1. Which members of segment A:304-353 meet the condition of being within 14 Å of chain B (Cβ to nearest Cβ), within 11 Å of ligand 1 (Cβ to nearest atom) and out of contact with any helix residue (DSSP H, G or I) (no Cβ under 8 Å at 6 or more places or on another chain)?
2. Going through segment A:18-31 one residue at a time, which ones are surrounded by fewer than 10 Cβ atoms within 10 Å (Cβ to Cβ) and without any contact (Cβ under 8 Å) to a residue 60 or more places away in the chain?
3. If we scan segment A:310-321, do we find a residue that is assigned to a strand (DSSP E or B), out of contact with any Phe, Trp or Tyr (no Cβ under 9 Å at 6 or more places or on another chain) and not basic (Lys, Arg)?
4. Quick check: anything in segment A:289-297 part of a strand (DSSP E or B), within 14 Å of another protein chain (Cβ to nearest Cβ), over 27 Å from A:Ala192 (Cα atoms) and of a type outside the set (Asp, Glu)?
5. Could you tell me whether any residue of segment B:67-78 is more than 14 Å from every other protein chain (Cβ to nearest Cβ) and either surrounded by fewer than 17 Cβ atoms within 10 Å (Cβ to Cβ) or closer than 26 Å to A:Ser347 by Cβ (or both)?
6. Filter the strands (runs of 3 or more DSSP E) completely within segment A:199-269 down to those with at least 2 residues that are under 30 Å from A:Arg314 (Cα atoms) and more than 15 Å from ligand 1 (Cβ to nearest atom).
7. Checking A:Ala279 against (1) touching a helix residue (DSSP H, G or I) at 6+ places or on another chain (Cβ under 8 Å); (2) crowded, with 23+ Cβ neighbours inside 10 Å; (3) farther than 21 Å from A:Gly338 by Cβ; (4) of a type outside the set (Ser, Thr, Tyr), only one condition comes out false. Which one?
8. State whether the residues of segment A:59-73 include one that is out of contact with any strand residue (DSSP E or B) (no Cβ under 8 Å at 6 or more places or on another chain) and free of Cβ contacts under 8 Å to residues at least 24 places away in the same chain.
Amino acid sequence: MGRYSVFSLLRQAATGNTGWQRAWRAAVPKPSYDVVIVGGGGHGLATAFYLAENHGIRNVAVLEKGYIGGGNVGRNTTVIRSNYLLDGNTQFYEFSMKLWEGMSSALNFNVMFSQRGQLVTAHSADQMDTFSHRANIMRSNGIDADILDREEVRKLVPYLDFSETARFPIHGAIFQGRAGTARHDAVAWGYARAASGHGVDIIEGCEVTDFIRHGDRIVGVETTRGRIGAGKVGLAVAGHTSVLGQKAGLELPIESHLLQAFVTEPVKPLVDHVIAYGADHFYLSQSDKGGLVFGGNLDGYNSYSQRGNTGVLREVCEAAIALMPNISRLRLLRHWGGIMDMTPDASPIISLTPVDGLYLNGGWCYGGFKATPASGWCFAHMLATDQTHELTRCYRLDRFRTGHMIDEAGAGPFAWLQ
Amino acid sequence: MLRIACPSCGVRDQGEFRYGGDATVERPSYDNADQEAWFRYVYVRPNPKGLHQEYWQHIFGCRQWLVVERDTVTHSISSVEFARKQRA
Ligand SMILES: Cc1cc2nc3c(=O)[nH]c(=O)nc-3n(C[C@H](O)[C@H](O)[C@H](O)COP(=O)(O)OP(=O)(O)OC[C@H]3O[C@@H](n4cnc5c(N)ncnc54)[C@H](O)[C@@H]3O)c2cc1C
Ligand SMILES: [Zn+2]
């Protein structure tokens, strides 16, 4: 695999783009690996990359039942931010943000990270207070945050509804200038290519169907491409953690739920930032192709089916028009869904498990894309050292039993209401 | 959208109902001092990929709580009963 550079671009341009190589090797499963990672999404691939890069562990396989980029890593709305309130989350997501800032050069792959800034609108004096609190916490952790009043918001995004008749008048906003978006497929491809370059085997079309045990220890996996031995097995399967966890005998505080995303027909550049609507669960940004990308609520009941539901479609369009009336005539081109692990406190799980040889990375709810690099970094640390990384001390699996929830959404144990 | 056959109102659109979570978890009795039982009741969910028994309330109809058995992959509904009948 050659390195991408200006010169490689010029060379290919001069020779008709006929010399490009595969981005990653098509690997055939070996009988065993030091570490097997189940799930070739962003988190699994990042874990493999950092295992090799940070810990020198290269005898690693990533097993993906479908194809790289086909899961949530390629289905999300790509919002990256580190505007968290709770201790533990604040530091973890800011560490992730720093990794995003260096990702394209670290991976030698342009992930199109665009720090266009995110604002969350506030619609009451109380909400302004809450946002000020959050901004203070962020600043005291060295994270950029600004509180904007109504006029400052109007100057930045004049096309929102500032009229007398707005359903929920805008009081102000919290703004993080370093937040933004990245090209989600590129993140998967970039990690896959860089991991493969370090010797990691990336095996697509390989579903893990069960675990192989020696006594109480897990020593490998059964797959649709045969048995594969493993010194350690790391799970990073997004919405399917319960399905595999059950096979390993884990009882988990997780429900699988569907989240949809929507995109309109392309229009000229209009929305410079990521805008989240503080009066409802809704946000939008404009893609590089010009489509407005919308996100909203969960469908609201357990689901493993990666397709949408028109109820949420209607709610999302209502919120879109309440926030930005001038887009009411745009046509929606597409919508799609992804299955996510929802945890009772809306925080992830990166944890050792009661099962020897099995390590868990899951429960990302609907916010795990922004976590991709830090999640991979810390999970690799755990797989390599058997220790919990300091940044993920709050994400232990036993926190529900011990009462150490990290309830950022403030929703309580009702996964479908988050 | 799901269409749920309410035993008292007939087949209605999902928009008339509110979801209430997994119907298989059992609330421990009030005087149960076993932490583990409460932990399991509040947090542990089987989360099946397949048949799932779940509560729905017919909020824009008879307001009854129902237990619906639904496939979480295909969304096909195999049974709907009054929750009080099922729990009795
Ligand atoms: C519509 C939508 C919008 C979202 N928006 C945002 C956002 O704006 N910002 C944000 O931060 N997050 C967002 N998220 C959440 C984010 O996408 C996820 O939390 C994150 O991508 C999950 O990690 P992953 O990338 O590893 O998951 P995935 O890409 O889903 O990876 C898991 C992989 O495991 C594979 N797998 C499952 N079972 C097996 C098996 N038995 N054997 C082998 N492989 C298996 C799957 O095929 C899949 O490829 C959104 C999610 C959705 C669905
Ligand atoms: Zn009814």
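FYI, it's all coordinate maths here, none of it is from the lab. Please read these numbers as outputs of a predicted model, since none were measured by experiment. Neighbour counts run over all protein chains shown; Cβ positions are idealised from the backbone, glycine included.
1. A:Gln306, A:Gly308, A:Val312, A:Gly337
2. A:Thr18, A:Gln21, A:Arg22
3. no
4. Yes.
5. yes
6. none
7. Answer for A:Ala279: the failing condition is (2).
8. Kept after step one, since they are out of contact with any strand residue (DSSP E or B) (no Cβ under 8 Å at 6 or more places or on another chain), are these residues of segment A:59-73: A:66-67, A:69-70, A:73.
So of that shortlist, the ones also free of Cβ contacts under 8 Å to residues at least 24 places away in the same chain come out as A:70.
There is at least one residue in segment A:59-73 that is out of contact with any strand residue (DSSP E or B) (no Cβ under 8 Å at 6 or more places or on another chain) and free of Cβ contacts under 8 Å to residues at least 24 places away in the same chain.
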